[in-house]
Amino acid sequence: MNPNIVSFVYLVAGILFILGIKGLTKPKTAVRGNRLSALGMLLAVVITLLNINTVDFSFIIAGVLVGGIVGGIMALRIQMTSMPQMVALLNGFGGGASLTIALAEYFTVLGVAPSSFAELLNPVMVESSAFGVGVEGTIAVLAIGLTILIGAVTLTGSLIAFSKLQELMKKSYGLPGGPIGNGLFLLTALAAVGFLVINPGNVAAVVAIVALALLLGLFLVMPIGGADMPVVIALLNSYSGIAAALAGFILGNTVLIIAGSLVGTSGLILTQIMCVAMNRSLANVLFGKMAAGGEKIDADEIYAGKVTSAQPEEVAMMLEVAERVVIVPGYGMAMAQAQHAVRELADAMEARGIEVEYGIHPVAGRMPGHMNVLLAEAEVPYDNLVEMDRINPTFEDTDVVIVIGANDVTNPMARDAEGSPIYGMPILNVDKAKNVVVIKRSLSPGFAGLPNPLFAMDHTLMVYGDGKKAVVEITAALNQA
Amino acid sequence: MEILILLLALFVLSLFLGVELITKVPPTLHTPLMSGTNAVSGITLVGAMLAAGNEGSPMLVNVLGFIAVTLATINVVGGYLVTNRMLAMFKRK
């Protein structure tokens, strides 16, 4: 087929990807955007298949069948609360795909079929121009090395992120030496890439890059947990895009470069947003533990004798006379699968003429936008989901704030207590509201390990218990009133 | 060499375009954005098919290609389907 036609169709596919992401800038156009993007994918795949010359379709068909079935089942079965796990897995598969493509391209150019692992490690004599003449060849090998490196890090890093989110891995392990150990690993892997560029025929260098990068992915993500996961997922999302773009350089394929760089920037921007929302640098999230506070803050001192607990009926009585209520959800709402119960409570309040909105902190949950998806699943209109900067000025005019399963993102210490580990992190100023109801299992600290003075405030009521059960009881009491 | 420069130009311009586009996506849609971009990064399927289907290549290359096709297809099919599922929930009122 005329290569110009192929390039032209790739351009059309690239445009459709761009329009697809543009559609995502508004909820109303998002579904159509996603379909345009899928259409672009279909075009790119079809024209590629038509363009392959000496083709043996068996491997392609087998791969598409297996991948299609696995992907389809995952997409249709996954619960909305488990979306972070799904995205983590998809990030990893994206990295794995780029990794294997780079390896396939490398061995294609080498033109060898090693029959054993031992033979694989033998250096192969290649023409100095095998990968391209002069600088082109150097850059081609460099792109292969870097794609392998980033793809492999993304693969194992994402698998660890998945197992942490799925709570298969509960402890945090790290390399002795932490960041220094990781840094040494990275430098060694980069050195192997450099060695490969000088000796393109050295298969052992390729094997070394793969091994080092796979381990680096493990060690980078294993020490990170809990509330830092949104940053990790966003960053791995970015890596998977960068790996795809690099694979585009290996193959000289324009649509891979366009799509890969869009994904890469998307992940990076989300990473940046998450870091700002936690007031931490990326390096701090990746390598540092949360800094220990200047002085040990004694939880008993803050809570002793000052915490007021309440029954669902008392909360219902308070809601009866309210005019404006803001619901602040956190990861605990996802854990308790309470999103539908929360919607029903909001319905009961709205039926009484109470204005209800939801205050969403950027890092609530385990991935960017996690809370929004859960509440959308419960059919909460997206106009009622209000982001932090817009909801904060309204708390002073709010009669009741219901905090369900959120903790650190409401901690006033972030605003008031200079020297506290979370000082400077933007929070939802729920303590400015006239009344605060916190639905929580106990007074246990959140991810930051800090007590929350909000719980001890005079206008705060604690409702202890399972989030879903408590919300259902409040709704029932309100409906009877 | 000229091709390489062209590819580099395409890469850099796409990065800038990406920044312009992504910063306009509202936080409400950040999760569908991530799964949707996952699907887009499944474009590696194109490269994977070239590796898997090339008859003249060593077996090792075809097997690597097969793995790549499988992983990329999971991204494409899983990514678009789950994004569509989520966005459908945002659409209704």
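The values are calculated or read from the model by the stated rules, or taken from the named source; none is laboratory data. These numbers come from a predicted model, not from an experiment. No Cβ is skipped: glycine too gets one built from the backbone with ideal geometry, and neighbour counts run over all protein chains shown.
Tabulated values for the structure
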| read-out | value |
| --- | --- |
| Residue in segment A:432-444 that is out of contact with any Pro (no Cβ under 9 Å at 6 or more places or on another chain), over 18 Å from A:ASP300 (Cα atoms) and of a type in the set (Gly, Ala, Ser) present | yes |
| Residue within segment A:221-237 that is within 14 Å of another protein chain (Cβ to nearest Cβ), touching a residue at least 12 places away in the same chain (Cβ under 8 Å), surrounded by 24 or more Cβ atoms within 10 Å (Cβ to Cβ) and among the small types (Gly, Ala, Ser) present | yes |
| Sole residue being part of a helix (DSSP H, G or I), of a type outside the set (D, E, K, R), modelled with pLDDT of 85 or more and over 14 Å from A:LEU149 (Cα atoms), chosen from A:LEU212, A:LEU190, A:LEU184 | A:LEU184 |
| Flag if A:ALA448 is small (Gly, Ala, Ser), over 19 Å from A:TYR358 (Cβ atoms) and part of a helix (DSSP H, G or I) | no |
| Condition broken by B:ALA9, with the remaining ones in (1) at the interface with chain A (Cβ under 7 Å from one of its Cβ atoms); (2) among the small types (Gly, Ala, Ser); (3) under 20 Å from A:VAL9 (Cα atoms) satisfied | (1) |
| Number of positions in segment A:44-67 that are surrounded by fewer than 17 Cβ atoms within 10 Å (Cβ to Cβ), more than 7 Å from chain B (Cβ to nearest Cβ) and part of a helix (DSSP H, G or I) | 5 |
| Any hit, segment A:296-308, residues being in a loop (DSSP other than H, G, I, E, B), surrounded by 14 or more Cβ atoms within 10 Å (Cβ to Cβ) and modelled with pLDDT of 90 or more | no |
| Within segment A:312-353, considering residues that are part of a strand (DSSP E or B) and not charged (D, E, K, R), the one nearest to the chain's Cα centre (by Cα) | A:PRO329 |
| Among (1) among the hydrophobic types (A, V, I, L, M, F, W, C); (2) at the interface with chain B (Cβ under 7 Å from one of its Cβ atoms); (3) buried (at least 17 other Cβ atoms within 10 Å of the Cβ) - the single one A:LEU36 does not satisfy | (2) |
| Unique residue being modelled with pLDDT of 90 or more and buried (at least 24 other Cβ atoms within 10 Å of the Cβ) when the list is A:VAL373, A:VAL356, A:VAL363 | A:VAL373 |
| Subset of segment B:49-76 that is in contact (Cβ under 8 Å) with a residue 24 or more places away in the chain and out of contact with any Phe, Trp or Tyr (no Cβ under 6 Å at 6 or more places or on another chain) - its residue that is farthest from the other protein chains (Cβ to nearest Cβ) | B:VAL76 |
| Search result, residues across segment A:359-371 that are closer than 16 Å to A:MET86 by Cα and facing another protein chain (nearest Cβ under 7 Å) | A:MET367, A:PRO368, A:GLY369, A:HIS370 |
| Flag for A:ASP416 being acidic (Asp, Glu) and touching a strand residue (DSSP E or B) at 6+ places or on another chain (Cβ under 9 Å) | no |
